[in-house]
Amino acid sequence: MNQTQSVSAAESAAQSLTIDDVRAAAERIKGAVVRTPTMYSQTLSEIAGADIWLKFENLQFTAAYKERGALNALLLLSQEQRERGVIAASAGNHSQGLSYHGRRLGVPVTIVMPRPTPTVKVMQTESVGGNVVLEGETFDEAYAHARKLEQELGLTFVHPFDDPNVAAGAGTTALEMLEDAPEIDCLVTPIGGGGLISGMATVARALRPDMQVIGVQAALFPSMYAKIKGENPICGGDTLAEGIAVKAPGVFTSQVIAERVDDILLVSEEALEKAVSLLLQIEKTVVEGAGSAGLAAMLEHRERFAGRKVGLVLCGGNIDTRLLANVLLRDLARSGRLSRLRITLQDRPGALYRVMREFEAHNVNIIEIYHQRIFTSLPAKGLITDIECEARDREQIDALIAALRANGYSVSQVELA
């Protein structure tokens, strides 16, 4: 199939994805996926200046909405296709959702992942029934190998997003949201390849044609944003939202989004980190970077959502625990509760002790102290000490710094990049 035929097929598929497809998918997968709650968040609503309802898709068994589309696609296979098995290229939530439901249904599932994929992701996929094949150094190489195995072994390829059946399954998320919270007048949804928002926008346009449907992408990976707006930016970088870090958006999903989505917003890494932290601190729920993208958009584009009744999908909760710890600590640093002060001292007895007395006087807790005598531009009798400390708020740190400077110390605050 040439490129023109491929686009034509995508346009046809986009037009044929209807609310009836999503409703049929909902009946098909009923009872086999968690009907996750949709809950109003009073505190987040106050922070964002808009009413916010959260759809907790991170409570699925594999902690992501991807189960919905994967299961719908599996249930639509013929008996022969089930017996032969399916294949996909994925190092993320799609691999786990497909593997888990494949094992339940007795359908062999092969997942091709790039060789550098973290061992924990390989183990998670294998633990829910997937047969993992490591091939290639990049996702594109893994994808090419998966398509090769599809032909060689007669397997059925299940695309993570560029498939009407997968999008229809994902769209069941919106059916449940609007049933539980009919007040919602705006849906804000993360976009990677576009499967989730394609299904959700299809539901919104059928049930509430006047509803705003807004997509969100990480600023480092604006692939769908660029495609819809006719731009050609560079995609790449270490984004917290790796679940939506897609360089090549779907052909089919691009058509749906162009027709049914009102706008796409980009969010910074700082906003993503803030959203992950807020959801854990306020809602006591763990989300991955992609799952926080909707809230990040509301924090970074407040004027766009002022006074609206917004539905957000917490689309996944698979985040590395060490990464989550870093995000939380960085948020504490940005808020002023954690700080690193760099102080120039004379290298003589009692110098550090006198500084400690100021910390005690201002009730600021010291966490770590680092001395640097050699690699400085100071005279030989000078030293730099970095003190990591914990305070009630930024004002308490500011008061400590002012007191140290009043006593003749050279003090600077080490800021986050």
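The table below gives the values:
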{"quantity": "Residue within segment 237-245 that is of a type in the set (Asp, Glu), open to solvent by 20 Å² or more (accessible area, probe 1.4 Å) and part of a helix (DSSP H, G or I) present", "calculated": "yes"}
{"quantity": "Every pair of residues 6+ apart whose Cβ atoms lie under 9 Å, when the first sits in segment 47-64 and is more than 29 Å from residue 304 (Cα to Cα) and free of Cβ contacts under 8 Å to residues at least 40 places away in the same chain while the second is of a type in the set (D, E, K, R) and open to solvent by 10 Å² or more (accessible area, probe 1.4 Å)", "calculated": "60/66"}
{"quantity": "From 416, 400, residue being farther than 17 Å from residue 348 by Cα, outside any strand (DSSP E or B) and modelled with pLDDT of 95 or more", "calculated": "400"}
{"quantity": "Residues within segment 318-337 that are charged (D, E, K, R), open to solvent by less than 60 Å² (accessible area, probe 1.4 Å) and not in a helix (DSSP H, G or I), tallied", "calculated": "0"}
{"quantity": "Selection count where residues are β-branched (Val, Ile, Thr) and in a helix (DSSP H, G or I), scope segment 125-145", "calculated": "1"}
{"quantity": "All strands (runs of 3 or more DSSP E) inside segment 32-124 with 1 or more residues being surrounded by fewer than 19 Cβ atoms within 10 Å (Cβ to Cβ) and out of contact with any Asp or Glu (no Cβ under 7 Å at 6 or more places or on another chain)", "calculated": "38-40"}
{"quantity": "Boolean, residue 184 is more than 15 Å from residue 17 (Cβ to Cβ), open to solvent by less than 30 Å² (accessible area, probe 1.4 Å) and out of contact with any Cys (no Cβ under 8 Å at 6 or more places or on another chain)", "calculated": "yes"}
{"quantity": "Leading residue by the ranking (modelled with the lowest pLDDT) among those in segment 356-389 that are under 21 Å from residue 406 (Cα atoms), open to solvent by 40 Å² or more (accessible area, probe 1.4 Å) and assigned to a strand (DSSP E or B)", "calculated": "384"}
{"quantity": "Residue in segment 338-355 that is nearest to the chain's Cα centre (by Cα), counting only those that are within 12 Å of residue 391 (Cα to Cα) and open to solvent by 30 Å² or more (accessible area, probe 1.4 Å)", "calculated": "338"}
{"quantity": "Residue identified as of a type outside the set (S, T, N, Q), surrounded by fewer than 24 Cβ atoms within 10 Å (Cβ to Cβ) and in contact with a helix residue (DSSP H, G or I) (Cβ under 7 Å, 6 or more places away or on another chain) among 155, 134", "calculated": "155"}
{"quantity": "Pick from segment 246-268, criterion assigned to a strand (DSSP E or B) and among the hydrophobic types (A, V, I, L, M, F, W, C), ranking: farthest from residue 164 (Cα to Cα)", "calculated": "267"}
{"quantity": "Criterion violated by residue 353 - all others in (1) in contact (Cβ under 8 Å) with a residue 24 or more places away in the chain; (2) more than 16 Å from residue 242 (Cα to Cα) satisfied", "calculated": "(1)"}
{"quantity": "All positions within segment 280-289 that are surrounded by 24 or more Cβ atoms within 10 Å (Cβ to Cβ) and either under 23 Å from residue 309 (Cβ atoms) or basic (Lys, Arg) (or both)", "calculated": "287"}
{"quantity": "Of the criteria (1) open to solvent by 30 Å² or more (accessible area, probe 1.4 Å); (2) touching a Leu at 6+ places or on another chain (Cβ under 7 Å); (3) not hydroxyl-bearing (Ser, Thr, Tyr), which one residue 297 fails", "calculated": "(1)"}
{"quantity": "Tally, over segment 100-140, of residues that are hydroxyl-bearing (Ser, Thr, Tyr) and over 22 Å from the mean Cα position of the chain (by Cα)", "calculated": "2"}
{"quantity": "Looking only at segment 246-271, and only at residues there that are of a type in the set (S, T, N, Q) and open to solvent by 20 Å² or more (accessible area, probe 1.4 Å), the one that is farthest from residue 291 (Cα to Cα)", "calculated": "255"}
{"quantity": "Residue 175 being out of contact with any Ser or Thr (no Cβ under 8 Å at 6 or more places or on another chain), surrounded by fewer than 18 Cβ atoms within 10 Å (Cβ to Cβ), touching a residue at least 24 places away in the same chain (Cβ under 8 Å) and under 17 Å from residue 23 (Cβ atoms)", "calculated": "no"}
{"quantity": "Selection status of residue 276, in contact with a Gly (Cβ under 9 Å, 6 or more places away or on another chain), outside any helix (DSSP H, G or I) and modelled with pLDDT of 95 or more", "calculated": "no"}
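For every residue, the table says whether it meets (1) under 16 Å from residue 203 (Cβ atoms); (2) acidic (Asp, Glu); (3) modelled with pLDDT under 95.
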site	(1), (2), (3)
6	no, no, yes
11	no, yes, yes
31	no, no, no
34	no, no, no
49	no, no, no
85	no, no, no
89	no, no, yes
93	no, no, yes
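Per-residue answers, yes or no, for (1) at pLDDT 95 or above; (2) in contact with a Leu (Cβ under 7 Å, 6 or more places away or on another chain):
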position: 158; (1), (2): yes, yes
position: 171; (1), (2): yes, no
position: 211; (1), (2): yes, yes
position: 223; (1), (2): no, no
position: 230; (1), (2): no, no
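The values are calculated or read from the model by the stated rules, or taken from the named source; none is laboratory data. A quick note: this is a predicted structure, and the numbers were derived from the prediction, not measured. Methodologically, a virtual Cβ is constructed for each residue, glycine included, from the backbone with ideal geometry; neighbour enumeration extends over all protein chains shown. Surface accessibility is based on the protein's heavy atoms, side chains included, excluding ligands, DNA and RNA. Shrake-Rupley method; radii C 1.70, N 1.55, O 1.52, S 1.80 Å.
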